[in-house]
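Notes to accompany the following structure.
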Ligand SMILES: Cc1cc2nc3c(=O)[nH]c(=O)nc-3n(C[C@H](O)[C@H](O)[C@H](O)COP(=O)(O)OP(=O)(O)OC[C@H]3O[C@@H](n4cnc5c(N)ncnc54)[C@H](O)[C@@H]3O)c2cc1C
């Protein structure tokens, strides 16, 4: 009788694990149970249909800095399977990945179908059985210690090893809980900030190359740098998305009411700003302040910023008062905005929370509580910032779980 292995969930982590198990142990019988009729559905819609498979970062010590939760635990796993291995894995199967200037990696076809076809072809070749429309309703144990899975239509199935890879679905959390695991409550991560402020009004689409954004949410204070974008509803862009991910719990606890401070003058001291203003006074005293942005700030934003600093349209650099100059400096170095809620980021919906990482052996992704039970992917309390890090965590944890299920 071959070793019977079940994978619950036909997403990125589940399919990757199933292929790995079947390739490492061709005599094992590997069955994937997928609730829907479409395996890898999130891969299909990911990265705007292009699938941002991984990130061009090959140093595990740097890579883990992109995981607000789970970075420390992923340090070891990344020394076994990291983005370089992902690239090689797909290349061996005929799929080439390319890196964009910001490090995100996509298939050269720019189509998520390439990744889906590769994973499904690999499953077929390795002899993995994928059962579609097979929602698992219950996972229990029989007297001999085997796992018993119930599906709504085809009754009960016995397995020696089970991997739960159900993503952020609450029923996966329930299975884990019934088998003795602790679930860290789920809260959203990776979202934009709703900000209703006259400085942003009508400026949707205006972007800033690099700002320093500081979030004040309850007792939590955190800072990120990067590009920022004004949207219809408020603020987005890498600096904001990183804050939303790192501050996910604090923002949830404050019901998404928090303050944000933006420094548009990265690497410049307030003295530099005073010096720039003095230079304008001497060299362009007759110029209207509101019409001449400093430090390459977008002109439309500058106009609203100067109005917010109580600088009338008629004010010239030479008539700018000391008080106005002070407010201008503070608008540039520490502009304060009130966050009033959270918005969506291109429908990319990532949650933090899930199976507590203390209960997992990260060498094998096996449960420390229930031998023979494994976890991979988003069901774990791991989440990455945008850029391909979430799929990389699914490939890495799927690979380690798959290899361990094949060999333990
Ligand atoms: C719109 C969008 C775009 C994204 N783009 C990117 C991107 O470009 N790059 C990136 O790194 N990350 C991206 N992400 C995040 C990424 O998709 C997830 O981190 C990743 O899919 C997690 O993989 P997973 O296998 O753990 O879970 P999932 O992909 O969610 O798979 C879980 C599977 O389990 C199945 N399932 C659930 N319950 C049961 C059950 N009881 N029985 C049987 N099956 C069950 C589900 O139907 C599903 O197919 C994106 C997410 C979204 C929503």
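Observations on the structure shown:
- Flag if residue 327 is out of contact with any strand residue (DSSP E or B) (no Cβ under 6 Å at 6 or more places or on another chain) and without any contact (Cβ under 8 Å) to a residue 12 or more places away in the chain: no
- Screening residue 256 against (1) out of contact with any strand residue (DSSP E or B) (no Cβ under 6 Å at 6 or more places or on another chain); (2) under 24 Å from residue 201 (Cβ atoms); (3) surrounded by 17 or more Cβ atoms within 10 Å (Cβ to Cβ) leaves a single unmet condition, (1).
- All conditions in (1) touching a residue at least 24 places away in the same chain (Cβ under 8 Å); (2) out of contact with any strand residue (DSSP E or B) (no Cβ under 6 Å at 6 or more places or on another chain); (3) part of a loop (DSSP other than H, G, I, E, B) hold for residue 143, with the sole exception of (1).
- Segments classed as strands (runs of 3 or more DSSP E), wholly inside segment 180-292, with at least 2 members that are closer than 30 Å to residue 356 by Cβ: 183-189, 192-194, 207-217, 220-230
- Restricting attention to segment 115-168, the residues that are over 30 Å from residue 95 (Cβ atoms) and more than 10 Å from the ligand (Cβ to nearest atom) add up to 18.
Yes or no, residue by residue, for (1) buried (at least 17 other Cβ atoms within 10 Å of the Cβ); (2) in the same structural domain as residue 42 (by TED's automatic domain parsing); (3) within 11 Å of the ligand (Cβ to nearest atom):
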position	(1), (2), (3)
329	yes, no, no
333	yes, no, no
357	yes, yes, no
363	no, yes, no
368	no, yes, no
375	yes, yes, yes
378	yes, yes, yes
381	yes, yes, no
392	yes, yes, yes
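- Odd one out for residue 101 among (1) within 18 Å of the chain's Cα centre (by Cα); (2) part of a loop (DSSP other than H, G, I, E, B): (1)
- The strands (runs of 3 or more DSSP E) located wholly in segment 293-408 that include 2 or more residues which are within 20 Å of residue 21 (Cβ to Cβ) occupy 373-375.
- Evaluating residue 100 against the criteria (1) within 16 Å of the ligand (Cβ to nearest atom); (2) in contact with a strand residue (DSSP E or B) (Cβ under 9 Å, 6 or more places away or on another chain); (3) in contact (Cβ under 8 Å) with a residue 40 or more places away in the chain leaves one unmet condition, (3).
The values are calculated or read from the model by the stated rules, or taken from the named source; none is laboratory data. Here the structure is a predicted model, which means the values were calculated and not measured. Note that we place each Cβ from the backbone using ideal geometry, even for glycine, and neighbour counts take in every protein chain shown.
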